[in-house]
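Q: Have a look at this one before I ask anything.
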Amino acid sequence: MVSKALPGPLKGRDLLSIDDLTPEEVKLIIDTARSLKERYYAGERVIPVLRGKTIALIFEKPSTRTRVSMEVAALQLGMTPLTLRRDELQLSRGEPVKDTARVLSRYVDAIAARVYKHSDLIELAAYASVPVINMLSDLEHPLQALADALTIVEKKSDIRKAKVVYVGDARNNVANSLLLVIAKLGGHIVMSAPKQLMPSQEILAKAKKAAELTGAIIELIEDPKEAVKGADVVYTDVWVSMGEEAEAMERRRLLQPYQVNTKLMELASNNAIFMHCLPAHRGEEVTEEVIEGPWSVVWDQAENRLHAQKAVLALILSD
Ligand code: CP
Ligand code: NVA
């Protein structure tokens, strides 16, 4: 029950980073998402616990999954989502983030934003009087990581016993949030990338701090073949994230040995699954054979964005 799962620790809170959440709060979100998903499949498509509320969804970058799943999540909880592209806002003509934050707070109950600079989210949250949710920044993609954790729990039951191997650009938003969420949940995560694209010291320090509490295992292994040995989950993301186009050539050169292909998947455990936040670039970070093959759970993973975000919205915004 959603109402029973609302002890209120998340009420009114911002969600800019997975590190904003305690291990118990991450588990609460996943449990709530599972319960909402079950109810959805039992026929309760609309659970209007947020009836009458409004959320502004600001997009500085393109989006398919996040935009649609956030709009649908809001609607299924009885809320009205207002999707605002940056070029439609006065932000694009130089109105400061801090002014936008204060004005929108007078109209809506929450603001979610996809931005280039994580510092803009921090400014938005500092000046908004309503909760602010990160829908992807250059630093993190927490809503993705929560849906990913839900997917791993569904596919592997005990997330603490699953060896999750992230192969590719291990320094991007998706990698950072995945590392943090597995650390918070006491799992085993291996980051496999060339030295330059390993997680930053700052993210590693946060993940290690969480691991001290939860017993999570964090490993950095440059050789992708070594890294995926015995993996239960192989995860990758694009080599060139939105906003990094200027570095595209260098990144493609560095990451060539990190392509997730059949040969690499065959080194993982027999029941390994393949995950990707999407959109995918077939022929770059993953081959057609893998993303369309028996390992792939990417469509279930994409669906879980909806259920995980319903949990986040319900827990932050329910009265
Ligand atoms: N995974 C993800 O965030 O996809 P979109 O860019 O389509 O929102
Ligand atoms: N790392 C990718 C994720 C897209 C959902 C990007 O930022 O472009």
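Q: Determine, for Leu150, Leu315, the number of other Cβ atoms within 10 Å of each Cβ, and report the residues in order from fewest to most.
A: Ascending Cβ contact count within 10 Å gives the list Leu315, Leu150.
Q: What ranking of Asp169, Asp223 emerges when the number of other C-beta atoms within 10 Å of each C-beta is taken as an exposure proxy, fewest first?
A: Least crowded to most crowded, the residues run Asp223, Asp169.
Q: Shifting gears a bit: Quick one: length gained pulling Asp300 to Glu266 fully straight, 0.36 nm per residue minus the C-alpha distance?
A: Gain on extension, Asp300 to Glu266, equals 10.1 nm.
Q: Something else now. What percent of all Cα-Cα pairs in segment 89-138 falls in each 5 Å bin, counting up from 0?
A: Taking all Cα pairs of segment 89-138, the binned fractions are 5, 24, 32, 29, 9, 0 percent.
Q: With N denoting the number of residues in segment 197-319, provide Rg(C-alpha) divided by 2.2 N^0.38 Å, to two decimal places. Walk me through the numbers before you get to the answer.
A: Details: Rg = 16.6 Å, N = 123, 2.2 N^0.38 = 13.7 Å.
Against the compact-globule rule of thumb, the ratio is 1.21.
Q: Using Cα-Cα distances under 8 Å and only pairs 6 or more residues apart, what relative contact order does segment 1-152 have, in percent? Spell out each step's value before the answer.
A: Working: 224 pairs, mean separation 40.6, N = 152.
The value is 27 percent.
Q: Show me, for segment 179-186, the HN-Hα J-couplings you get by feeding each phi into the Karplus relation (A = 6.51, B = -1.76, C = 1.60, θ = phi - 60°), rounded to Hz, glycine and proline as x.
A: Couplings: 4, 5, 5, 5, 4, 5, 9, x Hz.
Q: Which entries of Lys98/Lys163; Lys263/Lys310; Lys229/Lys310; Lys11/Lys184 show an alpha-carbon separation above 30 angstrom in the structure shown?
A: In this structure, Lys98/Lys163; Lys263/Lys310; Lys229/Lys310 lie more than 30 Å apart at Cα.
Q: Using Cα-Cα distances under 8 Å and only pairs 6 or more residues apart, what relative contact order does the chain have, in percent?
A: Reported relative contact order: 21 percent.
Q: Might you report the magnitude of the Cβ-based charge dipole of segment 86-171 about its Cα centre, with Lys and Arg at +1 and Asp and Glu at -1, to the nearest 20 debye?
A: 320 debye
Q: In nm², what is the average projected area of the convex hull enclosing the Cα atoms of segment 12-57?
A: Here the figure is 4.3 nm², rounded to one decimal.
Q: For the residues Ser192, Ser35, what sequence is obtained by ranking on other C-beta atoms within 10 Å, fewest first?
A: Ranking Ser192, Ser35 by Cβ neighbours within 10 Å, fewest first, gives Ser35, Ser192.
Q: Return the sequence-ordered ³J(HN,Hα) values of segment 227-242 in whole Hz as given by the Karplus equation 6.51 cos²θ - 1.76 cosθ + 1.60 applied to θ = phi - 60°, using x for Gly and Pro.
A: Going residue by residue, I get 4, 7, 4, x, 5, 8, 9, 10, 10, 9, 9, 4, 7, 10, 7, 4 Hz, with x marking Gly and Pro.
Q: Continuing with the same structure: Please state, rounded to one decimal and in Å, the Kirkwood hydrodynamic radius that segment 1-158 gives when every pair of distinct Cα atoms enters the mean of 1/r.
A: Mean inverse Cα-Cα distance, inverted, gives 16.4 Å.
Q: Work out how much length Leu220 to Arg160 would gain on full extension: take 0.36 nm times their residue separation and subtract the Cα-Cα distance, in nm to one decimal.
A: Value of the extension gain: 19.8 nm.
Q: May I have the pair-distance distribution P(r) for the chain, computed from all Cα-Cα distances with 20 Å bins from 0 and rounded to whole percent?
A: Cα pair-distance distribution for the chain, in percent: 34, 58, 8.
We did not get these values from a lab; they are worked out from the coordinates using the rules stated. Computed from a predicted structure; not experimentally measured. Using ideal geometry, Cβ is built from the backbone for each residue, glycine included, and neighbour counts are taken over all protein chains shown.
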